[in-house]
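Okay, so here's the structure we're looking at.
Only the coordinates and a few stated rules stand behind these numbers; no lab work does. The shown structure was predicted, so the numbers you read here are calculated from the model rather than taken from an experiment. Cβ placement follows ideal geometry from the backbone for every residue including glycine, while neighbour counts extend to all protein chains displayed.
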Amino acid sequence: MEQNISIEKPKGKLGVLMPGLGAVATTFIAGVSAIKKGFSKPIGSLTQMGTIRLGKRADKRVPKIKDFIELAKLDDLVFGGWDIFSDNVYEAALNAGVLNKDLLDSVREEIEEIKPMKAVFDKNYVKKLDGDHVKKADTKYDYAQMLIEDIHNFKADNNLDRLVMVWCASTEVFITTDPVHDTVESLEKAMKENHPAIAPSMIYAYASIMAGVPFANGAPNLTVDIPAISELAGKKGIPIAGKDFKTGQTLIKTILAPGFKARLLGLNGWFSTNILGNRDGEVLDDPDAFKTKEESKLSVLEHILQPEIYPDLYEKFYHKVRINYYPPRRDNKEGWDNIDIFGWLGYPMQIKVDFLCRDSILAAPLVLDLAIFMDLAQRSNMKGIQEWLSFYFKSPMCAPELYPEHDLFIQLMKLKNTLRNLKGEDLITHLGLEYYD
Ligand SMILES: NC(=O)c1ccc[n+]([C@@H]2O[C@H](COP(=O)([O-])OP(=O)(O)OC[C@H]3O[C@@H](n4cnc5c(N)ncnc54)[C@H](O)[C@@H]3O)[C@@H](O)[C@H]2O)c1
């Protein structure tokens, strides 16, 4: 048996705060409301539909995850957030065009009540957007204090027991780590001096942690992936996780690539291109924002295929990712992959994938699971980077001395073993000891 860690019971309400009430956030909120009313099932959500095998296969113990470990219930979730547009969640969801009007009308009353708080926004970091529902302050540090106040007010007004924050706002321009990101002290000083290396997403993350709220980053922005925030999260005992929801093309990539490696099939090249027409697509049409996304999407294959360990198979593969803004498709992205692989004696083969996906439909259950698991982490006293939640991210955060794990199946194993460990159950190794005396 592994150690049984004490998990505080989830009592009362859990607030889910989201910077960015756009397509993903509104699809998530309206979806949860529809599911609570029994109109649909929480498809795609591990916390709601997933199971976990315990003990030996013959024991036939396979409870649902939500019956196995103490998780917040859908009925206990309360939603809020910030946006640069003042539309309520019903209006924003209609505008996003992901869910149909009939479904939105069936939950209109409850989602219409959710109105965004004024955002911390700077056009220098999201060049394609303009909005007037924004806060005004002199310094980035002052903005952080205003967000902390918002968080406290939201908690008090809604009579909440706990909160989590999930970044669902736009992708910011590409920025790299800067010496001001090194320590909490240098970060705070830089915020007071309005240093350009402090993006709005970092101000939200800082405010979240200072207010004692776990923070998960759904976009590829640097945000919490800097030493100062890790240090702060460690000191304050707050879980952080990121980055960039793993959906669509990258999800398929991290499903296929481990299969090629398992069968020792080589790779000559992988060309991925997308068309999408939602606001996210428009933001990513800016080359600086695309660069942030590109970095996140490109690292996946290198880490899964390990060319340094398998030079004969993966040393020279060519990997290209393209995103094209094409308004008619709105949220319904089409992702094409052309994959050039080779097998026995080096004979080449091709695989073509055409994934007609729905971006926010794939992302919404991830927001739900992250909110619920980040709350579990907080109640279980798990602080800092939550690597066991890599399953949900394109660019999983990990300790500086480690490399990220991208293989979806290893990620799932790690997640479930973490849950087993929390509950004092044996970890599953798939080692069949029955062959030995
Ligand atoms: N499958 C997916 O949909 C998917 C996958 C991975 C990552 N993401 C990321 O999730 C994020 C949300 O995607 P989306 O499709 O909902 O985009 P969206 O454009 O519909 O919504 C983003 C919202 O954030 C708001 N916003 C921008 N900057 C803000 C700020 N500083 N504070 C508050 N609000 C701000 C915008 O006004 C917009 O309403 C994007 O960063 C996207 O790259 C989405």
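Observations on the structure shown:
- Shape call, the chain: gyration tensor on alpha carbons, a/c limit 1.5: rounded
- Greater than 18 Å apart at Cα, pairs in Lys253/Lys293; Lys291/Lys316; Lys13/Lys243: Lys291/Lys316; Lys13/Lys243
- Net charge of Cβ neighbours under 12 Å - reference Ala137; Lys, Arg +1; Asp, Glu -1: +1
- Computed FRET value (nearest 0.05) for Lys37 with Arg61, which takes r as the C-beta separation and R₀ as 30 Å: 0.40
- For a label point 7 Å along the Cα-to-beta-carbon line of Lys128, residues of the range 6-38 with backbone N under 19 Å: 20-27
- Extension gain from Gln306 to Leu264, taking 0.36 nm per residue of separation minus the Cα-Cα distance: 13.9 nm
- Inter-label distance for Tyr318 and Glu113, nm, one decimal - labels placed 7 Å from Cα along Cα-to-Cβ: 5.7
- Using bins of 5 Å that start at zero, the share of Cα-Cα pairs per bin across the range 249-356 amounts to 3, 12, 22, 22, 17, 11, 8, 5, 1, 0, in whole %.
- Taking a straight Cα-Cα cut-off under 17 Å and skipping sequence neighbours fewer than 8 places away in the same chain, the aspartates and glutamates within cross-link reach of Lys66 are Glu8, Asp75, Asp76, Asp369, Asp375, Glu425.
- Fully extending the segment from Thr177 to Leu412 would add 81.7 nm, taking 0.36 nm per residue of separation and subtracting the current Cα-Cα distance.
- Taking a span of 24 Å or more along the helix axis (Cα atoms) and a mean Kyte-Doolittle hydropathy of at least 1.0 as the rule, the DSSP H helices of the chain that qualify are 359-379.
- Length released on extending from Asn95 to Glu193, taking residue separation times 0.36 nm less the Cα-Cα span: 31.6 nm
- Only Lys, Arg (+1) and Asp, Glu (-1) charged, at Cβ; the range 249-356 dipole about Cα centre in debye: 280
- Per-residue packing, averaged as other Cβ atoms within 10 Å, sorts the ranges 154-167, 361-374, 13-26, 58-71 into the order 13-26, 361-374, 154-167, 58-71, beginning with the highest.
- Using only side-chain charges placed at the Cβ, +1 for Lys and Arg and -1 for Asp and Glu, the dipole size of the chain relative to its Cα centre rounds to 1060 debye.
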